[in-house]
């Protein structure tokens with residue numbers, strides 16, 4: 001939309017072009033590199049990598065494994081998350097706010113920390129394993145492989161389902177429930193005929209996110225999978241392996257992941273469009289006091305699930321205060337040695353990097369987010385349309401794929417960024433961008449254009465209006481979004497682990513490499529610092545946004 | 001035909017607050033009964049007690065002779081139309097209307113027949129297969145109405161069904177609701193805070209304030225013979241003037257203190273009024289007569305006026321400083337300019353007299369004379 005006297009080529013066009021150039025460079029160019037590497041040898045088309053992948057069971061078998069793990073985990077996550085959301089929305093449970101925070105925290109920590117904590121509990125020599133074996137005189141070998149992966153992923157992902165469904169139920173006006181009741185529905189029928197169909201679109205959106213997250217996560221299967229190789233593990237080893245790394249083949253696997261992710265993205269889009277209902281609740285459902293067996297059952301379910309979900313975090317925090325022999329065997333004595341270790345040996349670089357990179361990425365994300373959402377809502381044109389689509393790309397590209405593509409694209413001339421902090425900050429920003437843009441777009445949508453028009457009619461220029469009216473009005477919403485981004489950025493592993501060097505190591509990378517080296521004491525201490533940071537940030541988020549609900 | 005609703009000594013408490021304390025009323029079969037009152041007066045609370053969304057802390061609720069206190073909502077067979085329509089957004093118009101019938105295990109072909117029939121009655125049969133997102137507010141409310149009455153409930157409840165519609169649609173829908181209610185003959189309890197709406201649709205109105213019913217009467221009676229100051233000012237508008245009763249044998253008159261001079265002979269005051277008793281006169285703007293020149297009346301000065309076509313509204317100031325409003329037919333005079341001195345007389349058959357605190361009527365109602 002252009003106002004009278006506005007030139008066709010103005011400051012907004014320039015901004016759009018600059019942003020377009022940035023996204024072409026940091027999104028399209030790296031993905032293009034992947035395509036070129038996978039499809040061409042020299043200058044001729046060569047499909048041999050694809051043939052190699054799909055003819056050898058050693059390779060395609062990992063894809064099947066990944067699907068099994070992903071589908072099972074997503075379903076289990078739904079089976080836990082949906083009842084959780086319904087119970088906490090409809091039944092008064094004491095301490096539900098604390099439960100909410102615990103559930104969110106368990107979701108916000110990187111999945112591989114869950115994997116390693118569960119090994120501490122249910123592994124070969126785990127705490128619970130030893131109790132079980134001693135009590136029942138059995139030789140339970142611990143959960144590894146498929147079961148272990150699904151356990152970790154389900155517990156890690158159900159909070160996302162919970163948040164989506166719970167959010168949708170909040171938008172469901174209670175009068176729909178009451179109407180159904182007055183028309184003869186009992187409680188069970190109300191859930192199946194009214195509530196469930198109406199939260200379905202949100203459930204699908206949540207399922208897609210879980211699916212993508214689980215499908216592309218490599219840390220968990222790496223740690224707890226043992227022999228059970230999933231696709232991301234294969235991709236990582238192909239790319240990082242000490243022997244026989246093959247750029248072209250790794251690139252081919254990246255392309256395969258992107259195609260699969262795209263497929264699921266469009267399936268979800270299609271299903272989501274088919275059942276989208278705009279709902280705004282005047283009076284949301286209210287949690288009621290339950291009685292009798294219903295009360296007992298719902299309390300037991302909610303408390304048990306929350307406890308199990310928070311258990312890995314608890315384990316990590318407790319073990320961070322327990323001494324170790326050579327880092328891997330816990331002695332059982334309480335000490336601060338682990339913290340002394342990570343803070344003394346000059347290892348604080350990981351902590352400092354995490355804070356620094358996180359904050360820098362947040363600045364980039366917020367500035368770009370505000371600008372892009374403003375341009376695509378208020379200055380709609382072909383160019384901003386393209387920009388809008390481009391910025392959604394990173395949404396479906398798994399972190400490890402983004403990391404690999406960045407190395408291909410920026411490790412040589414003309415863009416020598418490999419090993420720098422900049423490349424990590426850019427990859428963090430790019431990965432978070434789609435979420436920030438979507439939330440900023442929603443915020444701008446709430447601001448009536450007539451407010452800006454009023455400013456212009458009073459003599460302000462468009463730029464001044466944007467800076468003095470639009471941005472300040474957006475800020476509160478953007479700020480709480482930024483805190484959320486910060487929490488997800490500091491727990492990012494999959495692209496950082498590919499892009500890091502010893503100077504640009506972050507906390508998650510440090511934890512991961514300590515776990516791989518069996519330095520569980522140090523890993524626990526690092527994890528505790530990360531968890532504490534998340535908790536403090538989350539409390540800050542609740543304070544700033546003034547709400548008890550999260551949108552991720 | 002419709003059912004009788006009998007409520008005896010209903011009590012509603014939220015924690016320590018008692019919202020309704022011992023309320024009783026009876027709705028007759030086929031009647032269009034309105035609960036009218038300002039927001040927070042307890043009218044919606046009472047409605048939700050009837051359908052079962054609110055617990056009942058005391059008293060009995062009966063439909064015909066059956067006590068419904070402990071029957072769950074989904075077994076009460078009461079239809080309800082909600083303020084925000086509550087049309088299921090994931091179902092077509094047909095499925096919305098058929099929803100209650102399916103729950104009642106009505107055979108498929110009969111569902112088809114009954115839904116089509118009711119859609120014709122509410123005049124949305126052409127929208128049968130639309131999704132709610134593609135319906136206007138008025139159309140959605142028709143779906144909600146059809147959905148509530150197709151199950152042939154004993155009683156139909158409506159909770160401010162028109163408040164989300166724009167002014168023109170509101171009048172159209174309120175006529176439609178009245179027409180459909182009469183056509184079906186279903187006992188209806190209707191909640192609104194809009195007095196004009198209540199006057200237009202109701203057979204009887206219960207005016208509520210602070211959880212207490214102030215008056216139950218036909219629309220005309222509620223307007224013409226309000227039972228206290230609250231009702232006379234909530235329904236329509238009244239000017240309240242202090243006055244004193246003069247009694248001289250059978251001759252009873254009311255003397256307005258403002259001036260001491262203006263005295264109106266009253267033939268309908270209750271026999272118990274005492275000579276010299278202070279009372280409150282409630283005079284609606286159209287019950288004033290504005291006269292020029294010398295003669296009896298309350299002296300007043302025109303402060304401002306609003307010309308509204310058939311009538312003109314005058315805002316006047318009395319000698320004691322009190323402001324009153326009067327409505328005159330526009331053709332009587334040219335519009336009087338600000339500052340004009342007039343005298344006000346009242347139409348003694350129409351005005352109401354209350355006790356000085358405004359709580360009790362002192363006019364004997366026409367039907368009792």
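The values are calculated or read from the model by the stated rules, or taken from the named source; none is laboratory data. Everything quoted here is computed from the prediction, not taken from an experiment. As a convention, Cβ positions derive from the backbone with ideal geometry for all residues, glycine included, and neighbour counts pool all protein chains shown.
Do you know which of the residues in the range B:29-56 that are part of a strand (DSSP E or B) and closer than 15 Å to residue B:212 by Cα is farthest from the other protein chains (Cβ to nearest Cβ)?
B:36
Tally time: how many residues in the range A:455-511 are in contact (Cβ under 8 Å) with a residue 12 or more places away in the chain and outside any helix (DSSP H, G or I)?
Within the range A:455-511, residues that are in contact (Cβ under 8 Å) with a residue 12 or more places away in the chain and outside any helix (DSSP H, G or I) number 9.
Since residue B:117 meets every condition but one in (1) in contact with a strand residue (DSSP E or B) (Cβ under 8 Å, 6 or more places away or on another chain); (2) part of a helix (DSSP H, G or I), which condition does it not meet?
Answer for residue B:117: the failing condition is (1).
Residues are listed down the side, and each one gets a yes or a no for (1) in a helix (DSSP H, G or I); (2) in the same structural domain as residue A:508 (by TED's automatic domain parsing); (3) over 23 Å from the mean Cα position of the chain (by Cα):
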{"position": "A:355", "(1), (2), (3)": "yes, yes, no"}
{"position": "A:358", "(1), (2), (3)": "yes, yes, no"}
{"position": "A:363", "(1), (2), (3)": "yes, yes, no"}
{"position": "A:416", "(1), (2), (3)": "no, yes, yes"}
{"position": "A:424", "(1), (2), (3)": "yes, yes, no"}
{"position": "A:450", "(1), (2), (3)": "yes, yes, yes"}
{"position": "A:453", "(1), (2), (3)": "yes, yes, yes"}
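Is it true that some residue in the range B:89-101 is in contact with a strand residue (DSSP E or B) (Cβ under 9 Å, 6 or more places away or on another chain), at the interface with another protein chain (Cβ under 8 Å from one of its Cβ atoms) and either buried (at least 16 other Cβ atoms within 10 Å of the Cβ) or within 20 Å of residue A:178 (Cα to Cα) (or both)?
yes
Would you mention how many residues in the range A:526-536 are surrounded by 19 or more Cβ atoms within 10 Å (Cβ to Cβ) and either within 18 Å of the chain's Cα centre (by Cα) or not in a helix (DSSP H, G or I) (or both)?
5
Do any helices (runs of 4 or more DSSP H) entirely within the range A:119-201 hold 3 or more residues that are within 14 Å of another protein chain (Cβ to nearest Cβ) and crowded, with 22+ Cβ neighbours inside 10 Å, and if so, which?
Because the criterion is at least 3 residues that are within 14 Å of another protein chain (Cβ to nearest Cβ) and crowded, with 22+ Cβ neighbours inside 10 Å, the helices (runs of 4 or more DSSP H) in the range A:119-201 that meet it are A:174-182.
Looking at the range B:247-261, which of its residues are crowded, with 18+ Cβ neighbours inside 10 Å, modelled with pLDDT of 85 or more and over 32 Å from the mean Cα position of the chain (by Cα)?
B:252
Quick one: would you say residue B:71 is surrounded by fewer than 18 Cβ atoms within 10 Å (Cβ to Cβ), modelled with pLDDT under 95 and either within 14 Å of chain A (Cβ to nearest Cβ) or more than 21 Å from residue B:216 (Cβ to Cβ) (or both)?
Here the answer is yes, as residue B:71 does meet what is asked.
Are any residues in the range B:81-107 within 26 Å of the chain's Cα centre (by Cα) and either part of a helix (DSSP H, G or I) or at pLDDT 90 or above (or both), and if so, which ones?
Correct list: B:81 only.
Being closer than 27 Å to residue A:411 by Cα, part of a helix (DSSP H, G or I) and either without any contact (Cβ under 8 Å) to a residue 24 or more places away in the chain or within 12 Å of chain B (Cβ to nearest Cβ) (or both) is the requirement here; does residue A:237 meet it?
Against the criterion (closer than 27 Å to residue A:411 by Cα, part of a helix (DSSP H, G or I) and either without any contact (Cβ under 8 Å) to a residue 24 or more places away in the chain or within 12 Å of chain B (Cβ to nearest Cβ) (or both)), residue A:237 qualifies.
Can you give me the ranges of the strands (runs of 3 or more DSSP E) entirely in the range B:138-227 with at least 1 residues that are surrounded by fewer than 22 Cβ atoms within 10 Å (Cβ to Cβ) and within 14 Å of chain A (Cβ to nearest Cβ)?
No strands (runs of 3 or more DSSP E) qualify here.
Do we find that residue A:223 is crowded, with 21+ Cβ neighbours inside 10 Å, more than 14 Å from chain B (Cβ to nearest Cβ) and within 27 Å of residue A:305 (Cβ to Cβ) in this structure?
yes
Can you tell me which residue is nearest to the other protein chains (Cβ to nearest Cβ) among those in the range B:57-68 that are assigned to a loop (DSSP other than H, G, I, E, B) and modelled with pLDDT of 90 or more?
So, considering only residues that are assigned to a loop (DSSP other than H, G, I, E, B) and modelled with pLDDT of 90 or more, the one nearest to the other protein chains (Cβ to nearest Cβ) is B:68.
Being at the interface with another protein chain (Cβ under 7 Å from one of its Cβ atoms), out of contact with any strand residue (DSSP E or B) (no Cβ under 6 Å at 6 or more places or on another chain), surrounded by fewer than 22 Cβ atoms within 10 Å (Cβ to Cβ) and farther than 25 Å from residue B:134 by Cβ, is that true of even one residue in the range B:74-85?
Yes, the conditions are met somewhere in the range B:74-85.
From the list B:110, B:26, which residue is outside any loop (DSSP other than H, G, I, E, B), more than 14 Å from every other protein chain (Cβ to nearest Cβ) and more than 30 Å from residue B:219 (Cα to Cα)?
B:110
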